[in-house]
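Engineer: My questions all concern the structure below.
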Amino acid sequence: MRIGELSARTGASRRSLRYYEQQGLLVSTRSPSGQRSYDDDHVQRVALVRAFLAAGMSSRTIAQMVPCMTEPNMDRARQALTAMNQERDRLSATIDSLAAARAALDHLINVNRNFLATVADD
């Protein structure tokens, strides 16, 4: 498939797909005329890259994991595992912070509701 179809199937812009290639997150084949060509596996790869980016991972960190996903060997697997563990720890800390912020917000919502109920009763 060409870049336009990959874009349509993944929701990623053509510009994003070119960026992913530039960063080594996605690899296409080229036709004799130089047009990019992708297969169905690229749809899943783009979804994974987008999920990682949405979670706050840098393209550099994702690129550290890509070689293990495409051509695994012991060294790549070890490097990828280190990067993945670091990102998992970072995500867990972010989730914990978000949960604490939500709990604080829930408390303020209850305080505000109680105030409004008290004022309405008066």
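The values are calculated or read from the model by the stated rules, or taken from the named source; none is laboratory data. No experiment lies behind these values; they were computed from the predicted model shown. A quick note on method: Cβ atoms are made from the backbone with ideal geometry, for glycine too, and the neighbour counts reach across all protein chains shown. Note: areas computed on protein heavy atoms with side chains; ligands, DNA, RNA excluded. Shrake-Rupley method; radii C 1.70, N 1.55, O 1.52, S 1.80 Å.
Engineer: Search segment 12-48 for residues being over 22 Å from M65 (Cα atoms) and touching a residue at least 12 places away in the same chain (Cβ under 8 Å), and hand back the single one that is surrounded by the most Cβ atoms within 10 Å (Cβ to Cβ).
Structural biologist: Out of the qualifying residues, it is R36.
Engineer: Does R90 satisfy the criteria of being in contact with a helix residue (DSSP H, G or I) (Cβ under 8 Å, 6 or more places away or on another chain), open to solvent by less than 100 Å² (accessible area, probe 1.4 Å) and either not in a loop (DSSP other than H, G, I, E, B) or not hydroxyl-bearing (S, T, Y) (or both)?
Structural biologist: Working: in contact with a helix residue (DSSP H, G or I) (Cβ under 8 Å, 6 or more places away or on another chain): no; open to solvent by less than 100 Å² (accessible area, probe 1.4 Å): yes; either not in a loop (DSSP other than H, G, I, E, B) or not hydroxyl-bearing (S, T, Y) (or both): yes.
Taking the combined requirement at face value, the residue does not satisfy it.
Engineer: Output the qualifying pairs, or none if there are none: Cβ atoms under 8 angstrom, residues six or more apart or on different chains, first residue in segment 71-84 and closer than 20 Å to S58 by Cβ, second residue in a helix (DSSP H, G or I) and open to solvent by 80 Å² or more (accessible area, probe 1.4 Å).
Structural biologist: So the pair list comes out as Q79/Q64; A80/Q64; A83/Q64.
Engineer: Right, here's the next one. Filter segment 49-62 down to residues that are more than 15 Å from A12 (Cα to Cα), among the aliphatic types (A, V, I, L, M) and surrounded by fewer than 16 Cβ atoms within 10 Å (Cβ to Cβ), then give me how many there are.
Structural biologist: So the answer is 1.
Rundown of residues vs (1) under 25 Å from L6 (Cβ atoms); (2) free of Cβ contacts under 8 Å to residues at least 40 places away in the same chain; (3) in contact with a Ser or Thr (Cβ under 6 Å, 6 or more places away or on another chain), yes/no style:
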site	(1), (2), (3)
R50	yes, no, no
P67	yes, yes, no
A93	no, yes, no
A99	no, yes, no
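Engineer: Something else about it: Of everything in segment 93-109, what is open to solvent by 80 Å² or more (accessible area, probe 1.4 Å) and over 16 Å from G56 (Cβ atoms)? Give them in sequence order.
Structural biologist: Across segment 93-109, the qualifying residues are R102, L105, H107, L108.
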